[in-house]
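First up is the structure itself, then whatever we jot down about it.
The values are calculated or read from the model by the stated rules, or taken from the named source; none is laboratory data. The structure displayed is predicted, hence computed values, not measured ones. So basically every Cβ, Gly included, is an ideal-geometry build from the backbone, and we count neighbours across all protein chains shown.
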């Protein structure tokens, strides 16, 4: 993807450009006249539909209804079709254990494995894409894609290879952050699974694929190149179907560990960096000088009750939403179910959008 300095043609286009046209511009290497506003607000649909999260995640009708409502309420450029961090693990054979109907589930593996090892009896990537709630996710995308004259984008998310490998091997972010190596077979399996999942999503009609990398150990240039190689098949599949791949680095600490090396590979996708790292000023110049179009990932704690995040997003966003090269404004993962809806809407007051 050409550097932001070479991407001026998109900025010369009229403000009437639609979100789908903006995504096509980005695929062609042109940054559109304003950032695409693509908040990931998926689980909130359970509240909108007044059903437990556990029920919501398996109900394509309620997901479609809430996705349209939330997109309209936030005046977003895209609808969040399916985002669940446990989707891949369940499809590979894990059982979800729910402590409460609205709480997040835990993973249980029937195949015995030690920490740092892959569970036994996992499904193949080809079988995984037909299992668990993956068919629900693709059905949601197909239904929303059938809307006549749709101009908003359909968004779906997959885990990054490090994040999924850590989840499968029961390693925490702290384990990876201190340099504990993830098994190569776990990384390769994870890369294959998210590629298959991306293929299913884009075939169903998804326009944007978010790759959410929550866990990222300290990497040197060689390690970043290997990571880019793991991500390349997923990015290439999305682009083959003319869907926009977006790599979201959600963890500020992980990004800080790797900020120098991350932009060495030539990314063929939009790279979203944490808001705090972008606004710190220390890395801004290097970000702008490198190849990929940039996105900004907003911290999830900012959408909780007043004072919990300590972040004034309106003030933080004002000076940067018009920065050259900023292509996407999103969130660092799925907005929490307990988010304050009024605070959520207020946080986006300064965001330019046309739908």
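Name the residue that is surrounded by the most Cβ atoms within 10 Å (Cβ to Cβ), counting only residues in the range 87-120 that are more than 18 Å from residue 185 (Cα to Cα) and in contact (Cβ under 8 Å) with a residue 60 or more places away in the chain.
In this case the residue turns out to be 87.
Among the numbered criteria (1) at pLDDT below 95; (2) in a helix (DSSP H, G or I); (3) under 20 Å from the mean Cα position of the chain (by Cα), which single criterion is violated by residue 76?
(2)
Return the pairs, sorted by first residue and then second, in which the second residue is modelled with pLDDT of 75 or more and surrounded by 15 or more Cβ atoms within 10 Å (Cβ to Cβ), the first residue lies in the range 333-355 and is within 12 Å of residue 317 (Cβ to Cβ), the beta carbons are less than 7 Å apart, and the residues are 6+ apart or on different chains.
347/302; 347/303; 348/74; 350/317; 351/37; 351/317; 351/329; 352/34
May I ask you to verify whether residue 139 is at pLDDT 95 or above and within 26 Å of residue 52 (Cα to Cα)?
Yes, satisfied.
Report whether or not residue 57 is closer than 23 Å to residue 138 by Cα and modelled with pLDDT of 95 or more.
Considered against the rule, which asks whether it is closer than 23 Å to residue 138 by Cα and modelled with pLDDT of 95 or more, residue 57 comes out as yes.
Of the residues that sit in the range 1-40 and are assigned to a helix (DSSP H, G or I) and at pLDDT below 50, which one is nearest to residue 159 (Cα to Cα)?
That would be 4.
If a residue must be buried (at least 18 other Cβ atoms within 10 Å of the Cβ), part of a helix (DSSP H, G or I) and touching a residue at least 60 places away in the same chain (Cβ under 8 Å), how many such residues does the range 41-57 contain?
Counting residues in the range 41-57 that are buried (at least 18 other Cβ atoms within 10 Å of the Cβ), part of a helix (DSSP H, G or I) and touching a residue at least 60 places away in the same chain (Cβ under 8 Å) gives 3.
What helices (runs of 4 or more DSSP H) completely inside the range 202-280 contain at least 1 residues that are within 22 Å of residue 35 (Cα to Cα), over 13 Å from the mean Cα position of the chain (by Cα) and at pLDDT 95 or above?
Qualifying helices (runs of 4 or more DSSP H): 221-240.
Test residue 60 against the stated conditions and say whether it is in contact (Cβ under 8 Å) with a residue 60 or more places away in the chain, in contact with a helix residue (DSSP H, G or I) (Cβ under 6 Å, 6 or more places away or on another chain), farther than 22 Å from residue 135 by Cα and crowded, with 17+ Cβ neighbours inside 10 Å.
Against the criterion (in contact (Cβ under 8 Å) with a residue 60 or more places away in the chain, in contact with a helix residue (DSSP H, G or I) (Cβ under 6 Å, 6 or more places away or on another chain), farther than 22 Å from residue 135 by Cα and crowded, with 17+ Cβ neighbours inside 10 Å), residue 60 does not qualify.
Would you check if there is a residue in the range 182-196 being assigned to a loop (DSSP other than H, G, I, E, B) and out of contact with any strand residue (DSSP E or B) (no Cβ under 7 Å at 6 or more places or on another chain)?
yes
Surrounded by 15 or more Cβ atoms within 10 Å (Cβ to Cβ) and modelled with pLDDT of 80 or more: is that true of residue 347 in this structure?
So residue 347 does not fit the description; no.
Within the range 215-240, track down each residue that is surrounded by fewer than 23 Cβ atoms within 10 Å (Cβ to Cβ), closer than 22 Å to residue 79 by Cα and touching a residue at least 40 places away in the same chain (Cβ under 8 Å).
237, 239
How many of the residues making up the range 130-163 are assigned to a loop (DSSP other than H, G, I, E, B) and within 27 Å of residue 224 (Cα to Cα)?
Count: 1.
Only one of 321, 311 is in a loop (DSSP other than H, G, I, E, B), surrounded by fewer than 20 Cβ atoms within 10 Å (Cβ to Cβ) and either in contact with a strand residue (DSSP E or B) (Cβ under 8 Å, 6 or more places away or on another chain) or at pLDDT 75 or above (or both); which?
Of 321, 311, the one residue that is in a loop (DSSP other than H, G, I, E, B), surrounded by fewer than 20 Cβ atoms within 10 Å (Cβ to Cβ) and either in contact with a strand residue (DSSP E or B) (Cβ under 8 Å, 6 or more places away or on another chain) or at pLDDT 75 or above (or both) is 321.
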